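One structure is given here, and the rest of the page talks about it.
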There are 2 protein chains.
Amino acid sequence: MKVADPLDIPLRQLEYLVAVADHPTWSSAATSLGVSASALSQGLADLERRLGVQLFERQGRRRVLTDLADPVLQHARTVQALSHDIGQWAERVSTLKMGSIRVGMLDVGAVIHFPEVLRLFRTDFPDIGFHLTVAPSSELLAGLRRADFDLIVCVRPSELPPTISATPLLQERLVIVRPPKVKSRPPSAWGPWVLFPKGSHTRSLIERSLREPGSLPHVVAESHQPDVLAQMVSLGLGWAVLPVAQVPEHLDVEIGEPIVTRDLVICQREGAPKHPGVEVLIERLRAVADHD
Amino acid sequence: MKVADPLDIPLRQLEYLVAVADHPTWSSAATSLGVSASALSQGLADLERRLGVQLFERQGRRRVLTDLADPVLQHARTVQALSHDIGQWAERVSTLKMGSIRVGMLDVGAVIHFPEVLRLFRTDFPDIGFHLTVAPSSELLAGLRRADFDLIVCVRPSELPPTISATPLLQERLVIVRPPKVKSRPPSAWGPWVLFPKGSHTRSLIERSLREPGSLPHVVAESHQPDVLAQMVSLGLGWAVLPVAQVPEHLDVEIGEPIVTRDLVICQREGAPKHPGVEVLIERLRAVADHD
DNA sequence: CATTTTAGTTAAGAAATACTTAACAAAGTG
DNA sequence: CACTTTGTTAAGTATTTCTTAACTAAAATG
């Protein structure tokens with residue numbers, strides 16, 4: 001019998017691991033992959049044996065990933081994304097089609113900064129399939145990691161996921177937005193607040209910069225949508241911190257002082273073959289961003 | 001019959017591709033992998049079929065990689081390096097050993113800046129296997145890519161290879177070194193030169209900064225070894241540009257003005273699980289670098 | 001120019017791997 | 001306690017990948 005080389009882990013087993021991590025139960029993971037539960041079980045048992053590391057724990061009749069499984073899961077996701085990319089590349093090259101581009105953008109990117117770029121890109125390159133997803137930064141990053149996107153524009157994260165590269169695009173000033181007729185005050189009397197949701201990246205930027213001047217943020221409402229937040233401010237529910245450009249002009253609110261800036265960045269997966277369409281799009285995004 | 005999913009490329013076939021790229025002939029690649037030439041041929045034929053991209057061309061009775069094979073080769077190397085890393089990690093974790101660390105360093109790092117760090121690290125962690133390789137930056141980078149190293153200290157490259165990350169460590173000033181008794185002159189009268197070899201990264205930095213003040217570098221001798229270059233200068237063969245610290249003190253040469261600075265960086269593979277020993281070593285390198 | 005050597009491919013069967021079904025154990029559920 | 005859900009194990013089947021052996025074609029040899 002041949003010795004199982006730990007270096008030569010079947011791709012399939014890595015898929016199994018990812019599926020198991022992403023599904024509540026192993027059987028559902030198995031059906032999602034179109035294989036029997038048995039195959040999954042055997043495959044994962046083999047993976048565990050190969051690595052010689054305990055990847056799973058019993059929890060009642062469920063099996064859950066151990067902490068040790070984490071690096072392996074990271075590895076699996078990385079390899080999966082890479083494989084996806086080379087597959088896409090091969091299809092593009094072999095069929096001589098332009099392929100398609102899936103872009104993820106923060107709302108502010110899609111609506112305020114780059115709507116024209118996106119529109120023009122679609123009309124200039126009608127042969128390139130194009131799909132835009134607007135979502136919060138963390139979702140975009142997760143999607144980029146999973147190869148759901150080829151390119152995203154998001155807020156620079158404090159820590160980049162592995163094999164993701166970020167290049168700066170532009171900076172945005174976030175200002176304090178007060179309810180109508182509310183004058184400027186010392187920081188200790190600021191708030192209460194109406195902010196982006198907990199976990200949002202801009203939210204943590206804001207919290208950090210509010211804590212600094214000595215205002216413990218007391219948050220009474222949350223939304224990912226800046227227009228909703230602005231609306232709440234105009235109704236007197238609380239104060240907000242928003243990108244200047246995203247405060248609707250017709251609303252009756254008080255624009256206060258800039259409190260923090262956030263960096264919008266372009267993120268891509270590293271180690272993937274270049275897609276010429278993506279290159280062009282990046283160029284155009286940069287051009288507009290530099291122009292601002 | 002099952003349809004061949006291009007996304008599920010056997011790792012083995014990627015190994016074949018890399019081996020073929022690294023060996024002059026397919027048969028030697030096959031024997032280096034310990035398989036028959038036939039297996040290799042079939043495997044690569046299958047890979048080509050899966051991707052639907054022409055990867056090989058005939059050249060007489062040889063087969064060589066096409067340009068199209070390049071992205072696939074990149075992919076293969078990346079995946080190989082990742083697999084190696086997860087394998088190492090697994091072995092470390094499963095055996096509870098500290099594993100080993102392979103460090104690559106530029107001569108100036110090993111000899112001038114960090115000899116103490118390296119010595120102390122070895123005595124502080126005798127359980128961690130340790131191996132140091134001193135080589136030029138480009139070799140180090142290639143080795144890092146191939147997973148020959150876990151960590152390197154080199155000159156910041158103008159373009160990073162995919163899935164390699166670089167973090168700044170310190171800056172070095174390179175000065176003009178003139179033969180004994182030769183006074184400072186206008187740039188047009190500089191040289192002739194005794195420099196690092198063509199292709200060296202520091203060489204291109206130097207060339208760029210020499211061209212700027214208007215001195216076309218006429219190069220009469222080359223070496224990777226700074227002490228050799230300095231020696232040649234002292235013999236009156238030509239002028240050199242060297243890190244101040246690498247000009248031997250006892251030599252009779254004229255130290256001229258600083259002409260360019262180079263960044264030394266720490267490079268690692270991205271997407272690899274962390275090795276605690278490597279983290280410690282990095283910390284110590286930074287500490288010393290910041291102290292300078 | 002015939003002969004030999006070298007490089008790589010193709011065919012056929014053997015070996016190894018991965019999958020399916022079926023039977024089973026154990027933990028929740030009504 | 002019967003019943004369902006979750007996951008494992010065993011045994012046989014299907015698929016993939018390898019080896020050996022026979023073959024083609026380009027270079028090298030003499």
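The values are calculated or read from the model by the stated rules, or taken from the named source; none is laboratory data. These numbers come from a predicted model, not from an experiment. Positions of Cβ are backbone-derived with ideal geometry, glycine not excepted, and every protein chain shown enters the neighbour counts. For the accessible areas, the whole protein counts, side chains as well, though only heavy atoms, and no ligand, DNA or RNA atoms are used. Shrake-Rupley method; radii C 1.70, N 1.55, O 1.52, S 1.80 Å.
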With an 8 Å Cα cut-off and a minimum separation of 6 or more residues, compute the relative contact order for chain B in percent. 19 percent
Kindly compute the accessible surface that chains A and B hide from a 1.4 Å probe when together, both sides summed, and give it to the nearest 100 Å². 2700 Å²
For B:VAL219, which sequence-distant residues (separation of 5 or more, or a different chain) have an amide H within less than 5 Å of its own amide H, given hydrogens modelled in the peptide plane? B:TRP193
Vicinal HN-Hα couplings computed from phi for segment B:82-95 (Karplus, 6.51 cos²θ - 1.76 cosθ + 1.60; Hz; Gly/Pro x): 4, 5, 4, 5, 5, x, 4, 4, 4, 5, 4, 5, 6, 9
The long-range amide H neighbours of B:PHE130, using H built 1.01 Å from N in the peptide plane and a cut-off of under 5 Å, are B:ILE101
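Rounded to whole Å and ordered largest first, report the semi-axes of the equivalent ellipsoid of chain A derived from its Cα gyration tensor (root of 5λ).
Details: eigenvalues 352, 143, 45 Å².
Largest first, chain A gives 42, 27, 15 Å.
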For the protein assembly as shown, what Kirkwood radius comes out of the mean inverse Cα-Cα distance, in Å? 27.9 Å
Sorted shortest first, the nm distances from the B:THR95 label point (7 Å along Cα→Cβ) to its counterparts in the other copies are 4.7
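Could you work out the longest stretch of chain A that avoids the GluC sites (Glu not before Pro) located in DSSP loops with at most 11 other Cβ atoms within 10 Å?
On the way: sites that count: A:GLU159, A:GLU249.
It runs A:1-158.
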Distances from A:PRO276 to the same position in the other copies: list them in nm, one decimal, shortest first, using label points 7 Å from Cα along Cα→Cβ. 5.1
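Which percentage, to the nearest 5, of the DSSP beta bridges contained in the protein assembly as shown is antiparallel?
Numbers: 50 of 76 bridges.
Percent antiparallel among DSSP bridges in the protein assembly as shown is about 65.
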What longest range of chain B stays clear of loop-exposed trypsin sites (Lys or Arg not before Pro) (DSSP non-H/G/I/E/B, at most 12 other C-beta within 10 angstrom)? B:98-180
Would you list, by chain and number, the aspartates and glutamates whose Cα falls below 20 Å from the Cα of A:LYS181, excluding same-chain residues fewer than 8 positions away? A:ASP227, A:GLU249, A:ASP252, A:GLU254, A:GLU257
In Å and whole numbers, how far do the C-alpha atoms of segment B:2-61 stretch along each principal axis, longest first? 32, 25, 17
What list of ³J(HN,Hα) values in whole Hz, one per residue of segment A:130-135 in order, does the Karplus curve 6.51 cos²θ - 1.76 cosθ + 1.60 (θ = phi - 60°) give from phi, with Gly and Pro shown as x? 9, 9, 10, 10, 9, 7
Mind checking which lysines have their Cα closer than 24 Å to the Cα of A:LYS97? Skip sequence neighbours fewer than 8 apart in that chain. A:LYS274
Along segment B:61-69, what does the Karplus equation 6.51 cos²θ - 1.76 cosθ + 1.60 (θ = phi - 60°) give for ³J(HN,Hα), rounded to whole Hz, x for Gly and Pro? 9, 7, 10, 10, 6, 7, 4, 5, 6
How big is the gap, in Å, between the Cα center of segment A:193-240 and the Cα center of segment A:66-93? 36 Å
Name the long-range amide H neighbours of A:ILE152: under 5 Å, sequence gap of 5 or more, or other chain; modelled H, no Pro or chain starts. A:GLY104, A:CYS267
Determine the share of chain A's accessible area contributed by carbon and sulfur atoms, expressed in whole percent, with a 1.4 angstrom probe. 52 percent
What accessible area per residue comes out for the protein assembly as shown, rounded to a whole number of Å², with a 1.4 Å probe? 49 Å²
